[in-house]
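The values are calculated or read from the model by the stated rules, or taken from the named source; none is laboratory data. Quick caveat, the model's predicted, so the values are computed rather than measured. A quick note on method: Cβ atoms are made from the backbone with ideal geometry, for glycine too, and the neighbour counts reach across all protein chains shown. Please note that ligands, DNA and RNA were not included when accessible areas were found on the heavy atoms of the full protein model with its side chains. Shrake-Rupley method; radii C 1.70, N 1.55, O 1.52, S 1.80 Å.
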Amino acid sequence: MTITEFMIEEQRRFPDASGDFTALLNYVRLACKRISFIIGRGALAKDHGAAPAAELDAVAKEIFLRTSEYGGHLAGMVCGELDAPHQIPAEYPRGQYLLAFDALSGSGNIDINAPVGSIFSVLKSPAGTATPGIEDFLQPGSRQLCAGYAVYGATTMLVLTVGRGVHGFTLDRGFGEFILTHPHMTIPGEASEFAINASNERFWEPPVKRYVTECLAGHGGVRGKDFSMRWIASLVAEVHRILIRGGLFMYPRELKDPGKAGWLRLLYEANPMAMLVEQAGGAASVGRSRVLDVQPNALHQRVPLILGCKAEVERLERYHLEHDQGLDRIYSSPLFKERSLFLQT
């Protein structure tokens, strides 16, 4: 089954559907396929006016904008490289949907040929809004109609949810179409690996330090089993690994800059990934509450992000609650504290 056929089957579940939503996702699919072609050429992409890394960000953004604005299904778009919503050109009809995207997530990995990706989120435009402003995009993630990503690695996959589970499609380069290869993706209920940037340990909040220390203690520690640690520095690749084989991803709040709540952008990184993970049976949190319940207050608002195996996310939320209530003081006492495997400063 191709992704187009899949979306038509989904559309048929709603007899009153106009087909606009299906058509919009087909344009998103086309944008991802075009970006995959450019990424797949590597250094040869200079032939298309791009150079690896920085300039490819701009090329990918333009591909997403120009491909998606044409069909007449969108009222506006936002992304990390724009200070204000992108308005649909006057010569094109306007639709009832809003698109938030990160056209090339993890672009710092391009030079080493590691996986990168595109992330997208679809919202409903408020009724009667011809030219949506920033406030129209500031909707909690629970109101997303669709979320997904494309991962450009050894193969190109497009993974999406329309609120009825998570499904993965692999690009058949000979056929030129995305084929359903991973239906009903589900995150395992138990985890044995986690991902976090260990170089920032000195800036973590105590609940995160507590969690990682317990995992590193292995079979002889309180968790009673060994954990593996991963870190790819690409959000799409991290989430894709979790959807395929489980685990936990953490990009927590860091104390080196108390004024900054987190690093990942809420509207077009955290929210779509949280929707995907929840639809696959996992959970996504900002540490103390559900990601999809956060009310956005700015276009490029950043948040902490913890997602993956539901039981592990709930454990970390409990550690944050115990810390906030002062219930973890015994654990943090020097008499009971275990030394980390990482150098303390």
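For this structure, a couple of remarks:
- Residue selected from the stretch 180-204 under the condition in contact with an Asp or Glu (Cβ under 8 Å, 6 or more places away or on another chain) and open to solvent by less than 40 Å² (accessible area, probe 1.4 Å), by the criterion farthest from Val286 (Cα to Cα): Ala191
Conditions tested, residue by residue: (1) part of a helix (DSSP H, G or I); (2) at pLDDT below 90; (3) exposed (fewer than 14 other Cβ atoms within 10 Å of the Cβ); (4) acidic (Asp, Glu).
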site	(1), (2), (3), (4)
Ile38	yes, no, no, no
Ala45	yes, yes, no, no
Glu55	yes, yes, no, yes
Phe64	yes, no, no, no
Val78	no, no, no, no
Glu81	no, no, no, yes
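- Exactly one residue among Pro304, Pro296 is touching a residue at least 40 places away in the same chain (Cβ under 8 Å), closer than 30 Å to Pro132 by Cα and open to solvent by less than 10 Å² (accessible area, probe 1.4 Å), and that residue is Pro296.
- Leu104 being part of a helix (DSSP H, G or I) and buried (at least 21 other Cβ atoms within 10 Å of the Cβ): no
- Candidate set: the stretch 212-251, residues that are in contact with a strand residue (DSSP E or B) (Cβ under 6 Å, 6 or more places away or on another chain) and β-branched (Val, Ile, Thr); chosen: the one farthest from Asn113 (Cα to Cα): Ile242
- Boolean, Ser18 is polar (S, T, N, Q) and at pLDDT 90 or above: no
- Some residue of the stretch 4-11 being among the polar types (S, T, N, Q), surrounded by 16 or more Cβ atoms within 10 Å (Cβ to Cβ) and without any contact (Cβ under 8 Å) to a residue 40 or more places away in the chain: yes
- Search result, residues across the stretch 91-144 that are within 15 Å of Asp57 (Cα to Cα) and of a type in the set (A, V, I, L, M): Ala103, Leu104, Ile110, Val116, Ile119
- Matching residues, the stretch 131-147, being in a helix (DSSP H, G or I) and either out of contact with any Leu (no Cβ under 9 Å at 6 or more places or on another chain) or small (Gly, Ala, Ser) (or both): Glu135, Gly141, Ser142
- Considering the stretch 316-341, the residues that are touching a Leu at 6+ places or on another chain (Cβ under 9 Å) and surrounded by fewer than 18 Cβ atoms within 10 Å (Cβ to Cβ) include one that is modelled with the highest pLDDT, namely Leu321.
- The single condition among (1) open to solvent by 40 Å² or more (accessible area, probe 1.4 Å); (2) in contact with a helix residue (DSSP H, G or I) (Cβ under 8 Å, 6 or more places away or on another chain); (3) at pLDDT 95 or above that Ala274 does not satisfy is (1).
- Extreme residue, farthest from Gly106 (Cα to Cα), among residues of the stretch 223-242 that are in contact with a Pro (Cβ under 9 Å, 6 or more places away or on another chain) and either free of Cβ contacts under 8 Å to residues at least 12 places away in the same chain or among the small types (Gly, Ala, Ser) (or both): Ala237
- One residue stands out among those in the stretch 123-179 that are among the acidic types (Asp, Glu) and surrounded by 15 or more Cβ atoms within 10 Å (Cβ to Cβ): the one that is farthest from the chain's Cα centre (by Cα), which is Glu177.
- Checklist (1) of a type outside the set (D, E, K, R); (2) over 24 Å from Ala298 (Cα atoms); (3) surrounded by fewer than 19 Cβ atoms within 10 Å (Cβ to Cβ) applied to Leu25, failing item: (3)
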